[in-house]
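Undergrad: Sharing a structure here in structure tokens format.
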Amino acid sequence: MGAGHAHKLYRHAHSPVHALPPHTKLAAVFAFVVVVVSTPREAMWAFGLYAVLLGTVAYVARVPAGFLLRRLLIEIPFVAFAVLMPFVARGERVEVLGMSLSLSGLWGAWNVLAKGTLGVAASVLLASTTELRELLLGLQRLKLPPLLVQIASFMIRYGDVITDEMRRMRIARESRGFEASGVRHWGVLAQSAGALFIRSYERGERVHLAMISRGYAGTMPVIDEVTASRAQWSYAFALPVAALVVCLLGWTL
């Protein structure tokens, strides 16, 4: 569990949010997303309040708005899907700017955009304030299946290694005059992908044998045991509790 890789989403800072134990932040974000998804789509004002809550967390965590907004571009495919819904959905139609749109499709598009954006924003804030290694420790602390945590750990460890291997293979092809410019070159790219898979598989076998020779018996040793006080749990769950109050108001009003 000693993966010390810093990912691009992480933003180093000294803030109360950064200082929280990782498992408290993971649990808080999960609870917040559940509350957001449970909110009726008709309570449009509630989603505005959720955005204000996330903005407050970003301010406390010293995450700039521009940094957060750039990372939200990952949801563009979902936005495209939501934009198409009013055009393809059936049911009652309404006229909007001279276009005939489905009323149920409009509500569905709003539902996807509002809840999806808030969920992605919460996830980005989590990644911005928690290093990958801490996330793995948090998952382990929350008693997720150890095998899944180990797989995630190795993905983080060797993702850069595989990427660097791909880069060296590309440089080797280009140094021999190869340039992919059409369908006729797909065969060479497919062979490169196959070679990369074989190299990765062989590397995995070597790593596994090295681990067994060092006493690996199916579980990874925990170097850092993360704990959280009651005050830290309370601080972390301030966000989902506030969101829950808003959600309950949305159901009653």
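The values are calculated or read from the model by the stated rules, or taken from the named source; none is laboratory data. Since the structure is predicted, the reported quantities are computational estimates derived from the model, not experimental observations. Here the Cβ is made from the backbone with ideal geometry for all residues, glycine too, and neighbour counts use every protein chain on show. For the accessible areas, the whole protein counts, side chains as well, though only heavy atoms, and no ligand, DNA or RNA atoms are used. Shrake-Rupley method; radii C 1.70, N 1.55, O 1.52, S 1.80 Å.
Undergrad: Taking the options Gly66, Gly98, name whichever one is over 15 Å from the mean Cα position of the chain (by Cα), loosely packed, with under 12 Cβ neighbours inside 10 Å, of a type in the set (Gly, Ala, Ser) and at pLDDT 90 or above.
TA: Residue meeting the stated conditions: Gly66.
Undergrad: Being surrounded by 12 or more Cβ atoms within 10 Å (Cβ to Cβ), touching a residue at least 40 places away in the same chain (Cβ under 8 Å) and over 17 Å from Leu118 (Cα atoms) is the filter here; which residues of segment 223-250 pass it?
TA: Once the filter is applied, which keeps residues that are surrounded by 12 or more Cβ atoms within 10 Å (Cβ to Cβ), touching a residue at least 40 places away in the same chain (Cβ under 8 Å) and over 17 Å from Leu118 (Cα atoms), segment 223-250 yields Val226, Ala228, Gln232, Trp233, Tyr235, Ala236, Leu249.
Undergrad: I've got another one for you. Residues Arg62, Arg90, Arg11: which one is charged (D, E, K, R) and farther than 27 Å from Tyr235 by Cα?
TA: Just a single option satisfies the conditions, and that option is Arg90.
Undergrad: Being assigned to a helix (DSSP H, G or I) and open to solvent by less than 10 Å² (accessible area, probe 1.4 Å) is the filter here; which residues of segment 126-135 pass it?
TA: Ser128, Thr129 - these are the residues of segment 126-135 that are assigned to a helix (DSSP H, G or I) and open to solvent by less than 10 Å² (accessible area, probe 1.4 Å).
Undergrad: Further, regarding this structure: Those residues that are open to solvent by 70 Å² or more (accessible area, probe 1.4 Å) and under 20 Å from Tyr201 (Cβ atoms), I need them from segment 137-156; list them, please.
TA: Leu147, Ile151, Met155
Undergrad: Identify, please: which residue in segment 157-181 is over 20 Å from the mean Cα position of the chain (by Cα), among the acidic types (Asp, Glu) and farther than 17 Å from Gly194 by Cα and is, among those, most open to solvent (accessible area, probe 1.4 Å)?
TA: Glu179
Undergrad: Would you be able to say whether some residue in segment 158-180 is part of a helix (DSSP H, G or I) and touching a Gly at 6+ places or on another chain (Cβ under 9 Å)?
TA: Yes.
Undergrad: Being open to solvent by less than 30 Å² (accessible area, probe 1.4 Å) and among the hydroxyl-bearing types (Ser, Thr, Tyr) is the requirement here; does Ser123 meet it?
TA: Considered against the rule, which asks whether it is open to solvent by less than 30 Å² (accessible area, probe 1.4 Å) and among the hydroxyl-bearing types (Ser, Thr, Tyr), Ser123 comes out as no.
Undergrad: Name, by its number, the condition in (1) surrounded by 11 or more Cβ atoms within 10 Å (Cβ to Cβ); (2) in contact (Cβ under 8 Å) with a residue 60 or more places away in the chain; (3) of a type outside the set (Lys, Arg) that does not hold for Leu196.
TA: Only one criterion is unmet by Leu196, namely (2).
Undergrad: Another question, then. So Ser213 fits all but one of (1) over 29 Å from the mean Cα position of the chain (by Cα); (2) hydroxyl-bearing (Ser, Thr, Tyr); (3) at pLDDT below 90; what number is the exception?
TA: (3)
Undergrad: Show me the helices (runs of 4 or more DSSP H) entirely contained within segment 186-253 in which 3 or more residues are under 30 Å from Met169 (Cα atoms).
TA: 186-213
Undergrad: Can I ask one more? Let me spell it out: the conditions are (1) at pLDDT below 90; (2) more than 21 Å from the chain's Cα centre (by Cα), and Trp110 meets all of them except one. Which number is the exception?
TA: (1)
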